[in-house]
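A quick write-up on the structure given underneath.
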2 protein chains.
Amino acid sequence: MEFKLQFTDENARCAQITTAHSTFSTPCFMPVGTQACVKALDAIDMKESLGAKIILANTYHTYLRPGANLIAEFGGLHNYTKYDLSFLTDSGGFQAFSLNSNTKHEEDGIIFKSHIDGSKHKFTPFSVLKTQYLLNSDICMVLDDLCALPASEERIKASLKRTILWAKESLKMKDEFLNIDEDALLKKYSYELYKSDFKQKIKAQKREQNIFAIVQGATDKNYRKECLEGILSCENKHKFDGLAIGGLSVGEENILMYETLENLCPLMPKDRPRYLMGVGTPLDLVVGVKNGVDMFDCVMPTRNARNATLFTSFGKLNIKAASMKDDENAIDNNCSCYTCKNYSRAYLHHLFKAKEITFFRLASLHNLHYYLTLMKDIQEAIKQKRFKEFYNEFIKIYKLI
Amino acid sequence: MEFKLQFTDENARCAQITTAHSTFSTPCFMPVGTQACVKALDAIDMKESLGAKIILANTYHTYLRPGANLIAEFGGLHNYTKYDLSFLTDSGGFQAFSLNSNTKHEEDGIIFKSHIDGSKHKFTPFSVLKTQYLLNSDICMVLDDLCALPASEERIKASLKRTILWAKESLKMKDEFLNIDEDALLKKYSYELYKSDFKQKIKAQKREQNIFAIVQGATDKNYRKECLEGILSCENKHKFDGLAIGGLSVGEENILMYETLENLCPLMPKDRPRYLMGVGTPLDLVVGVKNGVDMFDCVMPTRNARNATLFTSFGKLNIKAASMKDDENAIDNNCSCYTCKNYSRAYLHHLFKAKEITFFRLASLHNLHYYLTLMKDIQEAIKQKRFKEFYNEFIKIYKLI
């Protein structure tokens, strides 16, 4: 992975990242394709209509269904989904934790029951990276131990210990990725769908797995520092390709997240991307960038779209409001997305009220276009050294909502 | 409306129809946009991806929500939905009957309760055509009295009497359509959403309302003949622009429908389109054409798509079958639709199993492409005077399913 830092404006950064599958500018937002599909949209929507250069898929979900082995047989996520640009995959740890009541954290991994069929599984630092290898993720996340906030000192300390230990384990995969033994891998996972041309397909893929470590530590600046230092001290001839900030936006006050970013970001290496996981609102993104974050992902734009909340240049718009019924305007007359170019608020209001599936795609296209355009505007502001003005202007508009 | 009969091959006909909004060839299939939206698709899908030149919308649904007056204010169905080619609208009688248990047929119309809010409404031959005027339908259907099959002699006779009477009433709208008094119309319907530019908008539309009458008579050839003759005897200086066959595919054996078409079609005027309402399977379409039917509509392609049943050149395919899980083929390798060009059966299987909304659009695009392509192939076969071979070949493939 190539990370070229191109412009800075105080702490805000603009870089270019090149993976085996695409080149994209940061700060960037990654649409979420939980089950190897961005909800209500398809690969052509993502590439052609939205111009998204990187999306996220969830390891937990794809591991359980359709299975990483099957995706590998199809030539990885890229060929299976036909979205052939970059994929970042999370480690699966967060879902194993959030979707199950019976999750058990052990020193060497996480035991959980499938939310689909109740079957028992274990994620270890090695297993999740091997799964991500099969998915052919461009950016793989290490397994971390996340705790919901608020958490006890004891829980946070245990989380830090495991997170650092698991990061260290994960780094060993750097060698293994370069020289992976597919036969052993197949044997280990005893792939039911094994086909004779599996190895050939797995080898034909453009492949370069990058590994990002994850910094935990709740909203405490000392714990965050300790975790970051612990992770960096694991590095040897191999380094992590990027560093993520995990465990935020999990129930804490917004201001605590912002303070955590303010304290943590300046300590993070400048030569690698910084990724704030699972965050957030447009405001969170702008504040994140101000503190030096490069990458974001969140289900908010697509989830809100499905609930009729649309983002615009003048704040949020509730398309199910009665006032929308006869409104001839586009969602946002300043917006150039597919939906705004073609449809009125009135028609979208009708589609939502009439429970037409079509609504979900049109609303999701709009909200993702808003997020992706926001990131482009941010990049432009950083390049022109006017991010501060951009930030102030944005805060002003956003506060009006 | 211009109806140019271009080719015939025994009873099969190929014609060109031109309305105020599009020109299309027959035999044609009209995708169904019940609530002013073809389920899971949008206007661009219909026009650009599928090339559909005419679609159907339901008067009952659009009348109740969002309301015909609102659609009129937006410049009719064409501008409201942004599908600016031809619309055929049914009369609403069928839904008033099928969606309600409390429907009451009176001599002058149908009283029913809204399935949305329970409010009471009455459809009369005049009111449904006025509603269709507001929708700016290119082809308007008269109100008819449909009976479920099997039905008593008494019920069928009552249905015929009303259907003929209502057709006669409807024909009077021909004059009114040419010289409609919008002020009176607005007053009569006391539009809550009345806006000052309403009249201007209604007048700015391309407008030419055509009226099709509907032949009822269950599966009895004598009743069908009586109804057709009754309807044609109403004609004076004005004629119906087309004739529809209603009340079929409502519970009777398939063979009875085919026999009814065989008996009725030869009696129908040759100089106008014949429209078989709400029918049907691909086989029904091919048999319909063989008997001289020109137009069809049915929810089958979109409804089956949502239930994972896909139509192909070799029969039906159940995409949820376990065998699809690792199938790298397109739904139909011979198909050139958006979905087959881009996605594998395996990925579509996964999207269905994972309950991804995206599946509904991709499957609907494929099934509608199948129906629309089938009609193009039929047109070509008629032009080349080889419809009989086409029919025999089709029957052979279809019987294999």
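The values are calculated or read from the model by the stated rules, or taken from the named source; none is laboratory data. As the structure is a computational prediction, the values presented were derived from the model and not from experiment. Cβ coordinates were reconstructed from backbone atoms using ideal geometry, including for glycine residues, and neighbour counts include every protein chain displayed. The area values use the complete protein model at the heavy-atom level, side chains included, leaving out ligands, DNA and RNA. Shrake-Rupley method; radii C 1.70, N 1.55, O 1.52, S 1.80 Å.
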Of all DSSP beta bridges in the protein assembly as shown, what percent run antiparallel (nearest 5)? 50
Could you work out, residue by residue across A:338-346, how many beta carbons of other chains sit within 10 Å of that residue's beta carbon, and then give the average as an integer? 3
Report the calculated FRET efficiency for B:Asn254 and A:Asn318 (r = Cβ-Cβ distance, R0 = 51 Å), to the nearest 0.05. 0.60
Could you size up the charge dipole of the protein assembly as shown around its Cα centre, putting +1 on the beta carbon of Lys and Arg and -1 on that of Asp and Glu, and report it in debye to the nearest 20? 140
Set the Förster radius R0 to 22 Å, insert the Cβ-Cβ distance between A:Ser119 and A:Lys161 as r into 1/(1 + (r/R0)^6), and round the FRET efficiency to 0.05. 0.15
Dipole check, segment B:323-398, charges on Cβ (K,R +1; D,E -1), about Cα centroid: among B:Thr339, B:His349, B:His369 the Cα furthest to the positive pole belongs to B:His369
Just to be sure I understand the model, the point goes 7 Å from the Cα along the line to the Cβ. What's the resulting A:Arg303 to A:Asn342 distance in nm? 2.7
Work out the mean other chain Cβ neighbour count within 10 Å for the residues of B:323-333 and drop it here as an integer. 2
Between copies, how far does the label point of A:Asn254 sit from its twins, in nm, shortest first, when each point is 7 Å from Cα along Cα→Cβ? 6.0
What percentage of the solvent-accessible surface of segment A:23-104, computed with a 1.4 Å probe over protein heavy atoms, is contributed by carbon and sulfur atoms? 47
Taking 7 Å along the Cα-to-C-beta vector as the label spot, tell me the A:His238-B:Gln205 distance in nanometres, rounded to one decimal. 6.6
Take the Cβ-Cβ distance between B:Asn102 and B:Phe3 as r, set R0 to 45 Å, and report the resulting FRET efficiency rounded to the nearest 0.05. 0.70
Just to be sure I understand the interface: list residues from segment A:26-50 that lose 50 Å² or more of accessible area between the chain on its own and the complete protein assembly, 1.4 Å probe. A:Gln35, A:Cys37, A:Asp42, A:Ile44
Label point 7 Å beyond Cα along the C-beta direction, distances from A:Lys122 to other copies (nm, shortest first): 7.6
Alpha-carbon gyration tensor eigenvalues x 5, square-rooted, for the protein assembly as shown, Å: 58, 31, 21
Out of A:Thr18, A:Gly251, A:Ala158, whose Cα points farthest toward the positive end of the dipole of chain A (charges: +1 Lys, Arg; -1 Asp, Glu; placed on Cβ)? A:Thr18
Under the definition of partner shielding as Cβ atoms of other protein chains within 10 Å of a residue Cβ, what is the mean value for peptide B:357-368? 4
Which of A:Ala52, A:Phe359, A:Leu135, positive extreme of dipole for chain A (C-beta unit charges): A:Phe359
Pull up the cross-link candidates among the aspartates and glutamates for A:Lys325, meaning alpha carbon to alpha carbon under 13 Å and not fewer than 8 places away within one chain. B:Glu73, B:Glu192
Tell me the mean residue ellipticity at 222 nm calculated for the protein assembly as shown from its helices only (DSSP H runs of n ≥ 4, each -39500 (n - 2.57), averaged over every residue, nearest 500). -12000 deg cm²/dmol
For B:Ser22, which sequence-distant residues (separation of 5 or more, or a different chain) have an amide H within less than 5 Å of its own amide H, given hydrogens modelled in the peptide plane? B:Ser86
Relative contact order of chain A, please, whole-number percent, based on alpha carbon pairs below 8 angstrom and at least 6 residues apart. 18
Neighbour count of at most 14 Cβ within 10 Å plus DSSP loop: longest chymotrypsin sites (Phe, Trp or Tyr not before Pro)-free window in chain B: B:1-193
Give me Rg over Rh for chain A, both radii from the alpha carbons and Rh done the Kirkwood way, two decimal places. 0.96
Is there a quick way to get the dipole size of segment B:2-298? I mean about its Cα centre, with the Cβ of Lys and Arg at +1 and of Asp and Glu at -1; what is the value in debye to the nearest 20? 600
If you count, for each residue, the other Cβ atoms within 10 Å and average over each peptide, how do B:330-336, A:149-155 line up from highest to lowest? B:330-336, A:149-155
What do you get for Rg/Rh over segment B:1-71 if you use C-alpha atoms and the Kirkwood form of Rh? 1.06
So which DSSP H runs in chain B come out at 20 Å plus along the axis (Cα) with average Kyte-Doolittle of at least 0.0? B:358-383
Result for interface chain A to chain B, accessible surface buried in total, 1.4 Å probe, Å² to 100, stands at 3800
Cα extents of segment A:306-397 per principal axis, largest first, Å, are 46, 21, 20
Per residue solvent-accessible surface (Å²) - the protein assembly as shown, probe of 1.4 Å: 39
If each label sits 7 angstrom from Cα along the C-beta direction, how far apart, in nm, is A:Ile44 from its counterparts in the other copies? 1.1
